[in-house]
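A.B. asks: Dropping the structure in here first, questions after.
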Amino acid sequence: DSSGKHWTVPSLLYKLESILPGQTDHPRYTKDVVQEMYTLSYIALDRLRSIVKLYEIDCDWVESGAVEGSIHAMEEDDEEESDGCRILSVEEVNEMMGRSSSEGDSDLYQWGEYDPGCAAVNPLKLTIGLADALERWGVRIYEHTKVVSLGKTVAVTDESSNDSGGMYALTTNDGSTICCDHVVLCTGADTLSSDVSRRLQQSFVPIYTWMAATEPLYDECPLKDGVNNICDNEKCQQVKRPAPMCGDDHISLNYWRNNNKDEGRLLFGSLADTFALPDWLISWRLRNSITEVYPHLNNVRFDHVWGGKLAFAPNSMPLIGRDTDYDDIISDATEENRSSENFSWGVWYATGFAGHGIVPSTMAGSVLANAILEIPDQQQWRLFQAYFPPSSFNGYPYSRLGAGMVLSIYNVWDWAGKKGIPLPALPKLW
């Protein structure tokens, strides 16, 4: 999914974060802050489009748009259409998702939304294409090279040293050392050593999600290309519309699309757990999820099942900014060269994208590049640093248990709502 619609500021987690130790020393976000983040994400989506085109990256990019169905009743805040999105009726949701009312599967969703600005992409091909483009510019990429420690160099600690290799020294798992003036930590969901960054060590919780690729469905694939009626000056024409990406607002976030090939496989993702699960249980739960959306696929074969960990911050927002702990480390040794607005060195971070990293990570790259290059009036990293800094405490060593308990409660609420059991509304997580 390459969508620009990934900036949802969650209310409950943000409130929970405010009662954790050390989490109340930053200002609360405002509507203007959220709007600026939306704007940055749409700019990033356009930038990613231009990069794919410029470097001719073969990544199965399709301007498909996206449909999201809601299992909850529409609230007042949901009624306003914005950013080119369109509110959908139940009938429109079912039609665009290829859900058949004749099978009794039309009551799952109560309304929906269509965003024509979203695009589908093969993330592996995109990653390989971006790496190839970087190497053409002379960038060296070292795979399977884990950084085990990060600290100041001899040049900083020893004034008599003639070493000008950089402010920081990174030590890798094979004992090699890399010296540089700028470090950008783009860690995934694995636990980060305090020898690398104390600030990020407990700033997120790993959440597992899984996907399945069905057997080829050909004409039986529910997601098919459609048409849009475009009218101008009383003249209308039909324009082909690729099958949209789909999703819903279960707490486990079902998401799916076809593979845009003639064979018509369905790529279906779901589940949100804080611990790894056995393969048989993953397949069983994925099958239940896909059957709820498409009952006629209850016996479909899964040819591939895979999954992994996503890095979720306590407020579910991306973590983008500067690790000021390292500013303190070298402040005394470089006081004469320091300026609050002059960053000729620094340790930066971009992580916690919570499974929505394709567009926001593109945005993070631009934001941090502008910071490192000190581009005037383009210092948006301060926005993230000020309003959504990394948490200094995520509940470790009970963070996974706590997050799992919250997810379980919301799963029960989702189930009860679909069964018509009245329960008090819970704040939105995302």
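A.B. asks: Quote to one decimal, in nm, the extra length available between E63 and E143 on full extension: 0.36 nm per residue of separation minus the C-alpha distance between them.
C.D. replies: 25.7 nm
A.B. asks: Where the Cα atoms of the range 245-299 are projected onto their three principal axes, how long is each span, largest first, in whole Å?
C.D. replies: 36, 24, 19
A.B. asks: Sticking with this structure for a sec: Can you give the accessible area of D262 in Å² (nearest 10), computed on protein heavy atoms with a 1.4 Å probe?
C.D. replies: About 150 Å², ignoring ligands and nucleic acids.
A.B. asks: What residues have an amide H closer than 5 Å to that of V184, excluding those fewer than 5 places away on the same chain, when H is modeled at 1.01 Å from N in the peptide plane?
C.D. replies: Excluding prolines and chain starts, which carry no amide H, the hits are W348.
A.B. asks: Taking 0.36 nm per residue of separation and subtracting the Cα-Cα distance, what length does fully extending E135 through I87 add?
C.D. replies: Result for the pair: 12.9 nm of gain on full extension.
A.B. asks: Then there's this: Heavy atoms only, probe 1.4 Å: what % of the accessible area of the range 180-294 goes to carbon and sulfur, would you let me know?
C.D. replies: 48 percent
A.B. asks: Compute the distance in nm between two label points, each set 7 Å from the Cα along the Cα-to-Cβ direction, one at N370 and one at H182.
C.D. replies: The modelled label-to-label distance comes out at 1.4 nm.
A.B. asks: Something else now. What accessible area, in Å² to the nearest ten, does a 1.4 Å probe give for Y255?
C.D. replies: That residue has around 80 Å² of solvent-accessible surface.
The values are calculated or read from the model by the stated rules, or taken from the named source; none is laboratory data. Source: prediction; values computed, not measured. Virtual Cβ from ideal backbone geometry, glycine too; neighbours counted across all protein chains shown. To get the accessible areas, we keep the full protein, side chains included, count just its heavy atoms, and leave off ligands, DNA and RNA. Shrake-Rupley method; radii C 1.70, N 1.55, O 1.52, S 1.80 Å.
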